Amino acid sequence: MTISAPTRRGFLAGAASAGLAVAVGGPARAADTPQRGGHFRLGANGAGIGDSLDPATYTGGTVALAMLAVCNNLTEIDAAGKLQPELAESWEATPDAKVWTFRLRKGVKFHDGRDLTARDVVASFNHHRGETKSAARAVLAPVSDVKAGDDHTVIFTLASGNADLPYLMTDYHFVVMPAKTDGTLDWEKAIGTGGYKLDRFEPGVRIAMTRFDGYFKTDRAWFESAEILAIADATARQNALIGGQIDAMNGVDPRTANLLKRVSTLRLENVVGTSHYTLPMFCDADPYRNLDVRLALKYAIDREALVAKVLGGFGQVGNDHPIAPANRYYAADLEQRAYDPEKARFHLRKAGLDGLKVQLSASNAAFSGGLDTAVLYQEAAARAGIEITVKQEADDGYWSDVWLKKPFVESYWNGRPTEDDMFSLVYAKGGPWNDAHWDNERFNALLLEARPLLDEARRREIYREMQQLVRDDGGTIIPMFANYVDATSTRIAHGPLSNHRYLDGWKCIERWWTA
């Protein structure tokens, strides 16, 4: 199998608090009693021929969906957005949040009959530390040591405290696999402790699995077998669902979502989460280094129109920071920024400008409706004296040749389990994906102050100020949050849906059942 290098899509992840899940277009199944049996066929995007079973290379998409059914993490986020134990049954921290002790469940078996031990957990995390190309390396950068206390105890020692470490354990890269005799990770066979055993892996095409009878969660893994079919095009996925070739799909095009409501055998799943569309601009390049230019561009975008026309109403307006109402520390009291051409002109005058000409690199590869977003922004900004030239970039190579390379582009994020994680990777000085080149001294200091705090009230105060700083000083326009819009056949049932990621927090194979 080919091991692919980690890509920007490896950052797709989710929130950690309760949201709203609504199913429309078919009868609700949340109250049905789960039953064993059946074969589940899922059509999903995000696959490539370079996909690998190596967890260091997971880029979201079909591989992550499959491996979260084949393997488990130390912790997980449930359908209500709450952190729950998974392979770990409990954990505790020292007062400075620098040393964390996780106690493992006893009696958990790998698919080949081996017992889960702390040694396997140590190997699984060390796989992403040190000399590695893992996309999750930055998440574990503060971890100075991972060791086994005994067969069922794992101790993480951090160079600096992090109160969110148990949430970070839910990262899909951190699935637990067996250790080899030399202490390295035995990932090649894709053996896990999850509810399903991997049968077939065809990169970019198909992943098939069958139920593992020895699964430690007796109330999960209802299907006898499941497969994920890689279908990149949303229209093709929709046609496959309507035609009965698949039972569920992710990423319904919001412009055609309402058509699915008319099909009596289908159900639309509309979940409010943390997925958001962004337009980052380099803060260390002209004209964007001028704060008033950045503010002018923020006031010149019509957020309401974008939600209505690009998202088809399946979303909500953004406020130029990445924290959504679904997040734990969302600052609901911050004034909502709205489209205001006169305020945009005011900030241009403050910058000493009568008008402004900029180029925006856009592509539907950035997000569905990326080109439409650019054109609508162009029209709205013109009324503020801002001339935006839309540069249509090729879909192929967008993430490697445009994003992080050009000064004003479109981007997409699914959010992260914690505010610290989202801010650290995308908005902090030196963050690996700081696509706006933003550097705010106060923000960076607050980030470090909040990270080790176990005091929830104080952390809430700090994260409110950080959201305000990103909104008012940052180099990223965040005009809208997009709902997770998936669709299923009515022959598939489920309970309340998670807002952690699409398809029930990527746990649909484990949590759903045949109606």
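Of note:
- The residues of the stretch 326-341 that are crowded, with 18+ Cβ neighbours inside 10 Å and either of a type in the set (Lys, Arg) or more than 30 Å from Asp354 (Cβ to Cβ) (or both), listed by number, are Ala326, Asn327, Arg328, Tyr329, Tyr330, Ala331, Arg337.
- When residues of the stretch 291-308 are limited to those that are out of contact with any helix residue (DSSP H, G or I) (no Cβ under 9 Å at 6 or more places or on another chain) and either touching a residue at least 60 places away in the same chain (Cβ under 8 Å) or not assigned by TED's automatic domain parsing to the domain that holds Tyr339 (or both), the one nearest to Ile388 (Cα to Cα): Arg303
- Applying the criterion of being closer than 19 Å to Thr193 by Cβ and β-branched (Val, Ile, Thr) to the residues of the stretch 63-97, the residue that is surrounded by the most Cβ atoms within 10 Å (Cβ to Cβ) is Val63.
- Evaluation of Asn434 against the conditions (1) surrounded by 19 or more Cβ atoms within 10 Å (Cβ to Cβ); (2) touching a residue at least 24 places away in the same chain (Cβ under 8 Å) shows that the sole unmet condition is (2).
Here's the yes/no breakdown for (1) among the acidic types (Asp, Glu); (2) part of a strand (DSSP E or B):
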site	(1), (2)
Leu348	no, no
Asp354	yes, no
Val358	no, yes
Ala365	no, no
Ser368	no, no
Thr373	no, no
Glu379	yes, no
Asp395	yes, no
Trp403	no, no
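- Only residues that are under 13 Å from the mean Cα position of the chain (by Cα) and either among the basic types (Lys, Arg) or surrounded by fewer than 24 Cβ atoms within 10 Å (Cβ to Cβ) (or both) were counted across the stretch 487-506, and they come to 1.
- In the stretch 237-260, of all residues being in a helix (DSSP H, G or I) and touching a residue at least 60 places away in the same chain (Cβ under 8 Å), the one that is nearest to Leu65 (Cα to Cα) corresponds to Arg237.
- Sole residue being among the basic types (Lys, Arg) and either touching a Leu at 6+ places or on another chain (Cβ under 7 Å) or surrounded by fewer than 21 Cβ atoms within 10 Å (Cβ to Cβ) (or both), chosen from Arg511, Arg442, Arg451: Arg442
- Residue within the stretch 94-112 that is more than 29 Å from Asp455 (Cα to Cα) and within 20 Å of the chain's Cα centre (by Cα) present: no
- Residue check, Val310 more than 30 Å from Asn258 (Cβ to Cβ) and among the β-branched types (Val, Ile, Thr): no
- Annotation note: Cβ proximity below 6 Å between a residue of the stretch 201-224 that is modelled with pLDDT of 95 or more and a residue that is charged (D, E, K, R) and surrounded by fewer than 17 Cβ atoms within 10 Å (Cβ to Cβ) (sequence gap 6+ or interchain) occurs for Ala208/Asp199; Ala208/Arg200; Met209/Asp199; Thr210/Asp199; Arg211/Glu224; Gly214/Lys109; Trp222/Arg36.
- The single condition among (1) out of contact with any helix residue (DSSP H, G or I) (no Cβ under 9 Å at 6 or more places or on another chain); (2) assigned by TED's automatic domain parsing to the domain that holds Asp78 that Glu441 does not satisfy is (2).
- Within the option set Val139, Val108, being modelled with pLDDT under 95, in contact with a Leu (Cβ under 8 Å, 6 or more places away or on another chain) and surrounded by 20 or more Cβ atoms within 10 Å (Cβ to Cβ) holds for one residue only, Val139.
- For the stretch 113-136, the set of residues classified as surrounded by fewer than 22 Cβ atoms within 10 Å (Cβ to Cβ), out of contact with any strand residue (DSSP E or B) (no Cβ under 9 Å at 6 or more places or on another chain) and at pLDDT 95 or above consists of Gly113, Arg114, listed by residue number.
- Among residues of the stretch 150-189, those that are touching a Gly at 6+ places or on another chain (Cβ under 8 Å) and surrounded by fewer than 22 Cβ atoms within 10 Å (Cβ to Cβ), counted: 1
- Tabulated pairs, the stretch 333-345, first free of Cβ contacts under 8 Å to residues at least 24 places away in the same chain, second acidic (Asp, Glu), C-beta under 6 angstrom, 6+ apart or interchain: none
- Ser144 of a type in the set (Gly, Ala, Ser) and either touching a helix residue (DSSP H, G or I) at 6+ places or on another chain (Cβ under 8 Å) or buried (at least 20 other Cβ atoms within 10 Å of the Cβ) (or both): no
- Filter result (of a type outside the set (S, T, N, Q), over 11 Å from the mean Cα position of the chain (by Cα) and farther than 18 Å from Asn162 by Cβ) within the stretch 400-422: Asp401, Val402, Trp403, Leu404, Lys405, Lys406, Pro407, Phe408, Val409, Glu410
- For Lys357, the conditions (1) surrounded by 18 or more Cβ atoms within 10 Å (Cβ to Cβ); (2) at pLDDT 95 or above; (3) of a type in the set (D, E, K, R) are fulfilled apart from (1).
The values are calculated or read from the model by the stated rules, or taken from the named source; none is laboratory data. This one's a predicted model, so the numbers in the text were calculated from it and none came from an experiment. All Cβ positions, glycine included, derive from the backbone under ideal geometry; neighbour counts span all protein chains shown.
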